[in-house]
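Here's the structure, in structure tokens; my notes come after.
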Amino acid sequence: MNIQSSSKMQVKDFITLGVLNAVFTVLFILLTVVVGIFPVTGIFAPAIAAIPLGVIFILLMIKVAKKGTLLVSGVLQAVILFLLSGSWTFVVAIISATLLGELLVWGAYKDLHRITISYVVLICGYALGSFAPIVFFTESWRTASVANGYNASYVNAFTEILNGPILLGVLAVSALGALLGAVLGKKMLKKHFVKAGVISGD
Amino acid sequence: MQVEMSSKASSVSLARQTNINQLLGIDKKNGLRDIDPRVKMFITLAFSTMLFCTAKELTILISLLMVFVIFLFSGMAKKSIKFILAYMIIVVFNYVIHLMSIEALTVLLSAITYTMLKFIPMVMLSYWLFSTVKVNELIVALEQMKIPKSIILSLAVLFRFLPTVTEELGYIRDTMKMRNIDLSFNRAILHPIKTTEYMLIPLLLRSVKISDELAAAALTRGIDGENKRTSLRKVYISFPDILFAVLFILFTAFLYQFDRQIVEFSMTRTWL
């Protein structure tokens, strides 16, 4: 077997990525379904989901810590969410967010500050993917949703709540949620994972 | 050896049949369960896109029946009962809400029930996809499509691991109950961070352990070898697969068109 430089991903890393992204996606779906029952709490779904998911994200980034970690994760999450929901905006938003994140962590894959920023970008991508069609194509979204059988007043409530400035607010709240998640992730990393020997403590 | 294993596991006769076929090198496909993984993924994508773009209640019902037929031909009729029961309960619930006719309640709840109704066929078909795709066939199929190895391996592991995550969550809940740790909704609201920690840390530690074991097992079987992968069972898109895919896509397109027709009809009705 050829000894490759450790900067390239090995089979072990691919498997870790598959497993941890499965956990990430399942928890994301569970949390958004629970939080998204009401329209008002629904806009904060990415922000709330971001807090526990931060732990998984930080663990994933520190455990693998190689070029392409974020991009492969983004592709995997996008594939699963697309198979489940059929929403194109999710795919575009998540993959571009992870591309940007990949550039942000370039070269310093264990730098916790950079990982935090890339996590904020990813969660903003999730928020954009969920709500951008409602804000930017309001009319077509409204007519499509009403035509699809959604109750008209529910749809109107959604479009009234969500507009340009509010989307910025939602993005800000999501970013805040992501920051909190990253802080929680760092705490858990020190408290549990280093102790359990899952990752080295340097 | 495979025959012995399968009889030991006393699995259903269908699975045993498949194993015997594999042993004899016969590539007989067993109903819809064994169509090519690429075809499966393609029709799932087409189907969920269609449901995402359209779906009057009638369309949802028809697509549910469509998925039920797929389950039937895959020998999974028993597993579809849960989904269909859920659908029926929601329909009845929806009806009761409309009978009560309280404006605010109807607006809120009907949107929720509608979303749930719409997601049932999608989740059902995704369940079919995730539970019938065999990981080694998926790897071979994706390799034939020249997708980078990083994506193939992670995706194959991800597919295999999705059902395991919910299983592991169940084990963790059981363990917490055994240790008398309160799991109620109130506690989750009052101590969100503690609850998260209690659920998430064991889940992640388990997952990391499983991924290490998987990696060891895969490496022993030579997954990182440079040679081309072989498969006991031939992976190819056969004529019946194409036929099924074309029929399915045609039906999906028809449903989409059908859905729009009803919309136009009901809109003209409201205009008058």
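Within the range B:215-242, can you find the residues that are outside any loop (DSSP other than H, G, I, E, B), aliphatic (A, V, I, L, M) and more than 22 Å from the chain's Cα centre (by Cα)? Step through it out loud before you land on a result.
Residues of the range B:215-242 outside any loop (DSSP other than H, G, I, E, B): B:215-220, B:239-242.
Now restrict to residues that are aliphatic (A, V, I, L, M): B:215-219, B:242.
B:ALA215, B:ALA216, B:ALA217, B:ALA218, B:LEU219 - these are the residues of the range B:215-242 that are outside any loop (DSSP other than H, G, I, E, B), aliphatic (A, V, I, L, M) and more than 22 Å from the chain's Cα centre (by Cα).
Would you confirm, using the coordinates I've provided, whether B:ALA141 is part of a helix (DSSP H, G or I), within 14 Å of another protein chain (Cβ to nearest Cβ) and closer than 20 Å to B:ASP224 by Cβ? Full working, then the answer.
Numbers: part of a helix (DSSP H, G or I): yes; within 14 Å of another protein chain (Cβ to nearest Cβ): no; closer than 20 Å to B:ASP224 by Cβ: yes.
Taking the combined requirement at face value, the residue does not satisfy it.
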Of the residues that sit in the range B:150-172 and are β-branched (Val, Ile, Thr) and either within 11 Å of chain A (Cβ to nearest Cβ) or in contact (Cβ under 8 Å) with a residue 40 or more places away in the chain (or both), which one is nearest to A:LEU76 (Cα to Cα)?
B:ILE151
Working only within the range B:131-146, note down all residues that are surrounded by fewer than 17 Cβ atoms within 10 Å (Cβ to Cβ) and not acidic (Asp, Glu).
B:SER131, B:VAL135, B:ASN136, B:GLN144, B:MET145, B:LYS146
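Looking at the range B:205-219, is at least one residue in contact with a Pro (Cβ under 8 Å, 6 or more places away or on another chain) and either farther than 30 Å from B:VAL135 by Cα or of a type outside the set (Asp, Glu) (or both)?
No; the residues of the range B:205-219 include none that is in contact with a Pro (Cβ under 8 Å, 6 or more places away or on another chain) and either farther than 30 Å from B:VAL135 by Cα or of a type outside the set (Asp, Glu) (or both).
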Taking the range A:9-62 and keeping only residues that are touching a residue at least 24 places away in the same chain (Cβ under 8 Å), within 10 Å of chain B (Cβ to nearest Cβ) and outside any helix (DSSP H, G or I), one is left with A:MET9
When you look at B:ILE120, is it more than 13 Å from chain A (Cβ to nearest Cβ) and assigned to a helix (DSSP H, G or I), yes or no?
no
Of the numbered conditions (1) more than 12 Å from chain A (Cβ to nearest Cβ); (2) closer than 30 Å to B:SER63 by Cα; (3) touching a residue at least 24 places away in the same chain (Cβ under 8 Å), B:THR175 fails exactly one; give the number of that condition.
(2)
So which residues in the range B:178-207 are more than 8 Å from chain A (Cβ to nearest Cβ) and within 21 Å of A:GLN77 (Cα to Cα), if there are any at all?
B:ARG206
Looking at the range A:7-26, is at least one residue more than 17 Å from B:LEU155 (Cβ to Cβ) and basic (Lys, Arg)?
yes
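Modelled with pLDDT under 90 and surrounded by fewer than 18 Cβ atoms within 10 Å (Cβ to Cβ), is that true of A:ARG114? Give the steps one after another, and end with the answer.
Working: modelled with pLDDT under 90: no; surrounded by fewer than 18 Cβ atoms within 10 Å (Cβ to Cβ): yes.
The answer is no for A:ARG114.
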Considering only the range B:73-89, I want to know if a residue exists there that is farther than 26 Å from A:PHE82 by Cβ, in contact with a helix residue (DSSP H, G or I) (Cβ under 7 Å, 6 or more places away or on another chain), touching a residue at least 60 places away in the same chain (Cβ under 8 Å) and not basic (Lys, Arg).
yes
Might you check whether a residue that is over 22 Å from A:ALA49 (Cα atoms) and either buried (at least 16 other Cβ atoms within 10 Å of the Cβ) or of a type outside the set (Gly, Ala, Ser) (or both) occurs anywhere in the range B:185-195?
no
Residues (more than 19 Å from A:LEU184 (Cα to Cα) and either touching a residue at least 12 places away in the same chain (Cβ under 8 Å) or under 24 Å from the mean Cα position of the chain (by Cα) (or both)) located in the range B:184-206:
B:ARG206
Among the residues of the range B:165-188, how many are of a type in the set (Val, Ile, Thr), touching a Ser or Thr at 6+ places or on another chain (Cβ under 9 Å) and part of a helix (DSSP H, G or I)?
1
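The values are calculated or read from the model by the stated rules, or taken from the named source; none is laboratory data. Keep in mind it's a predicted model, so treat the numbers as computed, not measured. All Cβ positions, glycine included, derive from the backbone under ideal geometry; neighbour counts span all protein chains shown.
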